[in-house]
Amino acid sequence: MTSTVYAIGDVHGRSDLLARMIKFIREHSQRFEGEPRVFFLGDIVDRGPDSCGAMKIVCETLRCWPRSRLLLGNHDLFFRDAMTKQNFVRHWLENGGLATLRSYIGDYPDYSLDEMIEIGERFPDHLNALRDAPIILPIGRYVFVHAGIDPSVPLSDQDLNVCLQARTKFTEHIGLLSHVVVHGHTPLDPPRPVITENRISLDTNAYHSGVLSMAVIDTERDDVELFSTAEDGFVRSVAPVLLNRGLGTAWTTTVRNSGSTSSVAA
C-alpha cells in the first residue's frame, strides 16, 4: 500500500486546473502500488467560475480513490453552513460566495434561503463530503490542515477557527514543531510553494494566478516533490521557495526539479 500523499492547495472554483491536476495524478501514481491518496487542503469553492464543477471532481475522486480526503476550508464551511444551518451568510456572499451560487443555480438578481437548501438537496454528495471533511489529519511526521495550527497547542487540542483561518501567528512562528504542517489558505506571491523549517505552504492563489500547486509526499521516506499547473496546459515539477529562518528547512531530501511534465494536457 502506497505511503504517498498528493496534497492539493486551494482550488477556489478553478475546476479547469483541478481537472488537469487529477489527470496528472492518475498518470504519476502508476509508478506506485495501490491507488492514489489525494488530500484536498480545503477552499474548493468560492471566487472562481466553477465551484460546482470543482466539488464534482472532489466527490468523484473520493469515490474512485477511497483513501483520499477532503479537509475542510473556511470557505467550504461557509458554504456548508448556508446549506445546513438555514443561515444565509452575508459575509460569505461578500467573500466569493456569489460565484459559488451562480455556478450551482445560475445568475439571478436575488438568492433566497430556499435556493440554498435546494442545493444541498440536489447535490447530496457535495453536502455529505463537506459534512464528513476532517479538520486536521496527521500522518507520520506530517500534518495536513487548511490554514495552519496554533504552535503552542497539541494537535489533539487545536481549535476549529485556528485550523481554518490561521494567518501570521502560524506562518511567522519560527521553530521546529511536532509535525511538518502541510497547508494552504495564505496566498503566496510569487505563486510558488514555500518550505520553512516547520511548514509546506501550497496556496499559490489559483483563482488569480492560474497556478494550482501540489506536494507529493512519501510520508515514510520523507520524500517531497512539488508540482504546479503551467500556462502551456501541463502540470510541471517546480522548485519551492526554501525559506531558511535560521533552522534549515523541512526539505530533507534532494530537490527534484527535473522539469518533468504530465503527458495529458487540459
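Over the Cα atoms of segment 38-89, the radius of gyration divided by the Kirkwood radius equals 1.00; this is the Rg/Rh ratio. Note the angle between two axes, namely the Cα long axis of helix 74-84 and the longest principal axis of the Cα atoms of the chain, as a number of degrees from 0 to 90, rounded to the nearest 10. Rounded to the nearest ten degrees, it is 30. Its Kirkwood hydrodynamic radius, worked out from the mean inverse distance over all distinct Cα pairs, puts segment 47-179 at 16.2 Å. Residues whose amide H comes within less than 5 Å of that of Asp223, counting only those at least five positions distant or on another chain, are Asp218 (H built at 1.01 Å from N in the peptide plane).
Counted residue by residue at 0.36 nm each, then reduced by the alpha carbon distance between them, the extension gain from Glu33 to Leu160 reaches 42.3 nm. By the rule of a C-alpha distance below 27 Å, with chain neighbours fewer than 8 residues away ignored, the lysines paired with Lys85 are Lys56. The modelled label-to-label distance for the pair Arg67/Ser112, using points 7 Å beyond Cα in the direction of Cβ, is 4.8 nm.
Between Asp43, Asp232, Asp203, the Gaussian network model of the chain with springs among Cα atoms under 10 angstrom shows the greatest mean-square fluctuation at Asp232.
Beta bridges assigned by DSSP with both partners in segment 181-229 are antiparallel in approximately 75 percent of cases.
A probe of 1.4 angstrom, applied to the heavy atoms of all protein chains, finds Lys23 with accessible area near 90 square angstrom. Name the residue farthest towards the positive end of the dipole of the chain from the options Ile195, Tyr108, Asn95, assuming +1 on Cβ of Lys and Arg, -1 on Cβ of Asp and Glu, about the Cα centre. Positive-end residue among those listed: Ile195. Modelled this way, with points 7 Å down the Cα-to-C-beta line, the labels at Asp218 and Glu60 are 3.0 nm from one another. Close amide H contacts of Leu212 (hydrogens built in the peptide plane, cut-off under 5 Å, sequence separation of 5 or more or a different chain): Thr229.
The simple Förster model, with R0 at 25 Å and r as the Cβ-Cβ distance, assigns Thr2 and Ile135 a FRET efficiency of 0.55. Dipole magnitude for segment 1-137: computed about the Cα centre from +1 point charges on Lys and Arg Cβ and -1 point charges on Asp and Glu Cβ, it is near 540 debye. When shorter helices are ignored and each DSSP H run of at least 4 residues is given -39500 (n - 2.57), the per-residue value for the chain at 222 nm works out to -8500 deg cm²/dmol. Here the Karplus relation 6.51 cos²θ - 1.76 cosθ + 1.60, evaluated at θ = phi - 60°, turns the backbone of segment 158-166 into coupling constants of 5, 8, 4, 4, 5, 4, 9, 9, 4 Hz, with x for every Gly and Pro. The GNM of the chain, with springs linking C-alpha atoms under 10 angstrom apart, assigns the highest mean-square fluctuation among Gly48, Gly248, Gly13 to Gly248. Summarising the amide proton neighbourhood of Val38: residues at separation of 5 or more, or on other chains, whose placed amide H is nearer than 5 Å comprise Tyr6, Ser68, Arg69. Along its first, second and third principal axes, ordered by size, segment 106-186 spans 49, 26, 18 Å in Cα coordinates. The residues of segment 89-200 expose on average 48 square angstrom of accessible surface per residue, using a 1.4 Å probe on protein heavy atoms. Multiplying the residue separation of Ser152 and Asp81 by 0.36 nm and removing their Cα-Cα distance gives an extension gain of 22.7 nm.
Using 0.36 nm times the number of residues separating Leu98 and Leu242, minus their current alpha carbon distance, what extension gain do you get? Let's see the in-between values first.
Details: separation 144, 0.36 × 144 = 51.84 nm, distance 3.63 nm.
So the extension gain works out to 48.2 nm.
Computed over segment 172-239, relative contact order equals 22 percent, with contacts defined as Cα pairs under 8 Å that lie 6+ residues apart.
Taking the Cα centre of segment 154-245 as origin, work out the dipole magnitude from +1 charges on Lys and Arg Cβ and -1 charges on Asp and Glu Cβ, in debye rounded to 20.
260
Restricting the calculation to Cα atoms, the chain shows an Rg/Rh of 0.96 when the hydrodynamic-style radius is the Kirkwood one.
The values are calculated or read from the model by the stated rules, or taken from the named source; none is laboratory data. Just so you know, these numbers come straight off a predicted model, no measurement behind them. Neighbour counts run over all protein chains shown; Cβ positions are idealised from the backbone, glycine included. Ligands, DNA and RNA are excluded from the accessible area calculation, which covers all protein heavy atoms including side chains. Shrake-Rupley method; radii C 1.70, N 1.55, O 1.52, S 1.80 Å.
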